[in-house]
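Report on one structure; see the data block that follows.
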Amino acid sequence: FRSREAIFESKVTYYFKDIAQFKAYKFPNGGKSWNVYRGTLFNFFVYYSKKENKYRNLNEIRIDDFTDYLHIDQENKKHLSRSVNSAETFKNKCSHFNSMLEEFENRGKIGGHNFKETREDIISGLNYEKLNKKQNYLNEANINQIMEHLKQTRNSTRNMCIFMFSIYMGLERSTLINLNWEMINLSRGIININNREIPLPKKLLNILKELKKENKENGIKGKYLFYRFYGNRYEKITEDTVHNIFDNLSKIDGEIDKWSMFSPQYIRNNL
């Protein structure tokens, strides 16, 4: 983006300067929320700069320009596992862009902007579908994306282990929080639940070994697998902890409606 084309022809670098200024205003420390905003803003301005082939002030950008981008973005991703088809995804992208314009207007950097309509009005001309809870989003691409996200969370080993028990065995929250080391034979690679010996897949077995090592390093001497640090001490997790792990998936990207479907119950139904 420091090329001659980016600076002098498409002028996209000037828009990246605006994005950097918005980040400094609203997300000075970055973070996962900023990464979601960043994706929308970068992708839109790359599209817009090529379309206009000049730099326009932010208050000159029209709603039609943004909805045209949403159409093209949907078309480009039509054959990908992360295709853009839902109303909530479109609404989130509108919110990301509108937030930038609002921030600049509030700080006196622009006199106003054209995105005063509701998100529903802005996307009214788009073709979208509501996600169906009966549809199975438990596919390899989504699972891999969730695992990559969980790697970045606090208590990542614990969280990945809980998610893997969910997708492998369809365990309920009440069962997850009561899993204990007496049920598991790491050397044989099995778990015994309700007098049934079930083999553990290699990936889950490796995470369990890492979890046991971390529990020992943290001085946890209890029999359970999963703990949380609360009130200056470690205690067995609650069902709310499991809920929070799944609720955190909404931060993966802009497709909040899809990720919000994931829960132990949803996974069990699809298994």
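The values are calculated or read from the model by the stated rules, or taken from the named source; none is laboratory data. What you see is a predicted model; the values in this text were computed from it and never measured. As a convention, Cβ positions derive from the backbone with ideal geometry for all residues, glycine included, and neighbour counts pool all protein chains shown. Surface accessibility is based on the protein's heavy atoms, side chains included, excluding ligands, DNA and RNA. Shrake-Rupley method; radii C 1.70, N 1.55, O 1.52, S 1.80 Å.
In nm, what is the difference between 0.36 nm times the number of residues separating GLU235 and TRP181 and their Cα-Cα distance?
Working: separation 54, 0.36 × 54 = 19.44 nm, distance 1.53 nm.
Length gained, GLU235 through TRP181: 17.9 nm.
Relative to the longest principal axis of the Cα atoms of the chain, the long axis of helix 202-217 lies at roughly 80 degrees. Annotation: region 180-260 has a Kirkwood hydrodynamic radius of 14.8 angstrom, from the mean reciprocal C-alpha pair distance.
Sorting the segments 110-120, 149-159 by their residues' average number of neighbouring beta-carbon atoms within 10 angstrom, most packed first, yields 149-159, 110-120. On the beta carbon distance between ARG2 and LYS151, with R0 = 45 Å, the FRET formula returns roughly 0.90. Calculated mean residue ellipticity at 222 nm for the chain: -16000 deg cm²/dmol, from DSSP H runs with n ≥ 4 weighted as -39500 (n - 2.57), summed, divided by the residue count and rounded to 500. Using the Cα centre as the reference, give the magnitude of the dipole from point charges on the C-beta atoms of the chain (Lys, Arg: +1; Asp, Glu: -1; all else neutral), rounded to the nearest 20 debye. So the magnitude is around 1060 debye.
Helix 32-52 axis versus longest C-alpha principal axis of the chain: approximately 30°, rounded to the nearest ten. For region 176-254, trypsin sites (Lys or Arg not before Pro) meeting the loop criterion (DSSP other than H, G, I, E, B) and having at most 14 other Cβ atoms within 10 Å: ARG188, LYS221, LYS223. Would you kindly calculate the translational diffusion coefficient of the chain, applying Stokes-Einstein with the Kirkwood radius from alpha carbon pairs, for 37 °C and a viscosity of 0.692 mPa s, and quote it in µm² s⁻¹ without decimals? D = 153 µm²/s.
Plainly put, region 224-271 has a radius of gyration that is 1.08 times its Kirkwood radius, both from alpha-carbon atoms, as the Rg/Rh ratio. The residue list LEU204, ASN270, ILE252 was ranked by how far each Cα lies along the charge dipole of the chain toward its positive end, using unit charges on Cβ atoms, and LEU204 comes out on top. The candidates GLU103, GLU239, arranged from most to least accessible area with a 1.4 Å probe in the full protein assembly, appear as GLU239, GLU103.
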